[in-house]
Amino acid sequence: MNRKPFRYLFAFSIACIGFIGVPQFTLAKETQLTQVLITNVNIFDGNDEKLATGLNLLVEGNKIKKISQTAIKTHAEATVLDGQGKTLTPGLIDMHQHIMLTGGTQAGTYEYDAYTQGARGYKAMIDNLLMRGVTTIRDIAGNTLGLARAIRAGLLPGPRIYTSGPALSTTGGHGDWGSYNDQIGQKDYQELVFNTVIADGRAEVLKAARQNFRNGASFIKVMAGGGVASQYDPLEMSGYTFEELKAIVQVAEDYESYVTVHAYHDRSYNRAMDAGVKMFEHGFLISEDTVKRMKKEGAIFSFQPFGGYTMFGGSFPDWFTPNMIKKGKRVHQGTARVAKWMKQHDVFMVLGSDMFGDDSKYAIDNVIAPVTIPGAGYTSFDCMKMSTGNAGKVLAMSGPARDYYKEAKLGVIEEGAWADLLIYEGNPVENIKIIREDNNLKLIMKDGVIYKNTL
């Protein structure tokens with residue numbers, strides 16, 4: 001069969017389409033970025049305790065274009081919102097989440113598969129985090145690598161996610177969630193779905209850390225000590241040797257990123273600092289000497305006051321075993337003491353709720369919790385700064401290769417920053433407790449998109 005006529009017809013058709021299309025491209029208007037002008041707001045910029053009053057703010061696309069006390073010119077199609085003298089702040093950042101671990105490690109091993117856990121976690125992330133003003137999270141143990149990519153690509157709505165991927169744990173450590181009958185080398189379900197990785201020895205931890213970065217992790221989470229919500233690990237245990245920790249830190253440095261460790265006591269914290277770790281979670285059983293060392297060496301403390309102080313004061317999750325409750329009570333006893341030392345010695349701090357899926361509803365309570373600890377000395381300003389400006393600085397530590405939002409700043413209100421912002425009735429910098437009432441949150445914007453507006 002002679003196909004030349006078909007080829008000629010096809011070429012002629014393309015030529016005609018191209019010819020017809022020329023005037024359309026020539027006459028088309030230049031595409032304008034979406035603009036949202038917010039007038040008459042008082043701004044907390046994420047770092048300064050004093051609000052800047054009577055300002056106008058222009059969002060263009062997904063960034064803050066201009067902030068001014070005088071009128072700002074916009075194009076005709078711009079959305080204009082009257083801020084009515086209310087308080088505009090950066091979107092909140094929760095620095096310790098576990099989206100994929102709804103119901104704890106047992107539910108995701110014995111009751112539900114990864115698809116169901118992912119669906120439950122995603123719903124909770126929208127309802128309990130984004131729609132309550134948390135526009136960015138650091139997911140710190142669990143396989144949110146794909147979810148983070150999908151949100152970045154615009155395939156799904158949701159808060160920005162900086163994820164560690166699966167945490168690294170020793171056999172019998174805080175990330176070992178299998179059954180008592182598991183054999184050496186046998187992977188449990190949570191390992192198979194990449195919520196956790198058990199790696200022992202230098203060679204294994206090198207490979208595990210590199211695998212996480214290969215898959216897109218922004219940083220590495222290491223179980224360097226025992227924990228509460230797990231079966232086999234006493235709080236006193238140290239999860240990794242110095243040599244293993246040093247190897248993990250080396251991989252993170254090779255990627256220009258960082259390592260954060262889960263641990264509660266002095267030996268684990270100091271061993272990690274010896275190995276070059278700069279960021280720490282929990283730590284409610286450490287001594288004041290260790291807190292002083294953290295300050296001296298510029299270490300960062302990720303603070304979980306709601307879990308450690310409020311919840312472990314008696315209101316435990318229904319999936320906690322008797323042994324977990326016993327460990328939780330010990331942690332509660334040390335939380336107020338360590339919180340006070342961290343404040344007294346001016347350790348750089350961020351806030352993370354350490355909530356599991358459905359329990360992310362307590363993320364806002366975690367932002368408030370520091371001011372509820374008697375004698376600890378925290379102010380409403382401290383709570384807001386730890387949840388915005390300070391958190392944004394830590395997120396940027398993921399470095400040029402693994403900070404997927406490095407094009408602009410997070411956690412601040414300034415020209416050129418990402419347009420993640422909230423408007424409150426009242427001033428959370430003076431009274432952090434107002435953020436607990438959803439009716440006080442009048443506007444939620446993430447990446448230039450309005451998700452709530454009751455102005």
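A short reminder: the numbers here are calculations on the coordinates, not readings from a lab. Please read these numbers as outputs of a predicted model, since none were measured by experiment. Positions of Cβ are generated from backbone atoms using ideal geometry, with glycine treated the same way; all protein chains shown enter the neighbour counts.
Using θ = phi - 60° and the Karplus relation 6.51 cos²θ - 1.76 cosθ + 1.60, list the HN-Hα couplings for region 161-167 in order, rounded to whole Hz, with x at every Gly or Pro.
Values per residue, Gly and Pro as x: 10, 9, 10, 8, x, x, 6 Hz.
Rounded to the nearest 500, what is the 222 nm mean residue ellipticity of the chain from helices alone, with -39500 (n - 2.57) per DSSP H run of 4+ residues and division by all residues? Present the calculation step by step, with values, prior to reporting the outcome.
On the way: 13 runs with 139 residues, N = 455.
Computed ellipticity for the chain at 222 nm equals -9000 deg cm²/dmol.
Suppose a student asked you for the relative contact order of the chain, using Cα pairs under 8 Å spaced at least 6 residues apart; what percent would you report? Intermediate results must be reported in sequence, preceding the final value.
Numbers: 997 pairs, mean separation 84.4, N = 455.
Over the chain, the number comes to 19 percent.
Which value in nm describes the separation of the simple spin-label points at GLN32 and GLU236, placed 7 Å from the Cα toward the beta carbon?
Simple spin-label model gives 7.0 nm for this pair.
Relative to the compact globular guide of 2.2 N^0.38 Å, what is the alpha carbon radius of gyration of the chain, as a ratio? It would help to have the intermediate numbers written out before the result.
Details: Rg = 24.4 Å, N = 455, 2.2 N^0.38 = 22.5 Å.
This ratio for the chain stands at 1.08.
Straight-line reach only, C-alpha to C-alpha below 21 angstrom: list the lysines that LYS409 could link to, leaving out same-chain residues fewer than 8 apart.
LYS50, LYS63, LYS65, LYS66, LYS385, LYS393, LYS446
Mind checking the full-extension length gain between ALA52 and ARG210? Use 0.36 nm per residue of separation minus the Cα-Cα distance, one decimal, nm.
Details: separation 158, 0.36 × 158 = 56.88 nm, distance 4.45 nm.
Computed gain between ALA52 and ARG210 is 52.4 nm.
Loop sites only, by DSSP: take the GluC sites (Glu not before Pro) in the chain that have at most 11 other C-beta atoms within 10 Å and name the longest stretch containing none of them. Provide the component values of the computation, followed by the final result.
Details: sites that count: GLU30, GLU77, GLU407.
Answer from the scan: 78-406.
Give a quick list of trypsin sites (Lys or Arg not before Pro) in region 116-170 that DSSP marks as loop, anything other than H, G, I, E or B, with at most 16 other Cβ atoms within 10 Å. Kindly include the intermediate steps, with their values, before the conclusion.
Values: sites: ARG120, LYS123, ARG132, ARG138, ARG149, ARG152, ARG160; in loops: none.
Sparse-neighbourhood loop trypsin sites (Lys or Arg not before Pro): none present.
Report, in whole Å, the centroid distance computed from the Cα atoms of region 359-384 and region 68-122.
19
Using the Karplus curve 6.51 cos²θ - 1.76 cosθ + 1.60 with θ = phi - 60°, what ³J(HN,Hα) values do you get for each residue of region 240-250, in whole Hz, with x for Gly and Pro?
Listing the rounded values in order: 9, 6, 4, 4, 5, 4, 4, 5, 5, 4, 4 Hz.
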